[in-house]
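**Q** Got a structure for you, questions after.
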């Protein structure tokens, strides 16, 4: 089975209380990089490919581009 990418969408509805006029929303899920978009799975994939498989970042960026995901080399390096 070939590798694939999936988008995980977290829906956090806002709920309002009419009598006390407050709005409540569930907290956002924890992420490895605060305020960042990559998940732990993507970070593990990039690190394993770079250090364990010896795949340079420009090749990884090409692999992701062929799959339809635009991840520039500068983003992978940071």
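The values are calculated or read from the model by the stated rules, or taken from the named source; none is laboratory data. Keep in mind it's a predicted model, so treat the numbers as computed, not measured. FYI the Cβ positions are ideal-geometry reconstructions off the backbone, even for glycines, and counts take in every protein chain you see.
**Q** Exactly one of (1) over 18 Å from the mean Cα position of the chain (by Cα); (2) in a loop (DSSP other than H, G, I, E, B) is unmet by residue 59. Its number?
**A** Only one criterion in (1) over 18 Å from the mean Cα position of the chain (by Cα); (2) in a loop (DSSP other than H, G, I, E, B) is unmet by residue 59, namely (2).
**Q** If you don't mind, another one. Quick one: in the range 1-18, of everything that is more than 29 Å from residue 71 (Cα to Cα) and at pLDDT below 90, which residue is surrounded by the most Cβ atoms within 10 Å (Cβ to Cβ)? Talk me through it step by step, then tell me what you get.
**A** So the first thing to find is which residues in the range 1-18 are more than 29 Å from residue 71 (Cα to Cα), and the list is 13-18.
In the following step, the residues that additionally are at pLDDT below 90 were identified as 17-18.
Values: 17: 9, 18: 6.
Of everything passing the filter in the range 1-18, 17 is surrounded by the most Cβ atoms within 10 Å (Cβ to Cβ).
**Q** Take the residues in the range 1-27 that are within 25 Å of residue 72 (Cβ to Cβ) and touching a residue at least 12 places away in the same chain (Cβ under 8 Å); name whichever of them is nearest to the chain's Cα centre (by Cα). Give the derivation first.
**A** Going residue by residue through the range 1-27, those that are within 25 Å of residue 72 (Cβ to Cβ) are 2-10.
This time we only want the ones that are touching a residue at least 12 places away in the same chain (Cβ under 8 Å), so: 3-5, 8, 10.
Values: 3: 16, 4: 14, 5: 10, 8: 8, 10: 12 Å.
So, considering only residues that are within 25 Å of residue 72 (Cβ to Cβ) and touching a residue at least 12 places away in the same chain (Cβ under 8 Å), the one nearest to the chain's Cα centre (by Cα) is 8.
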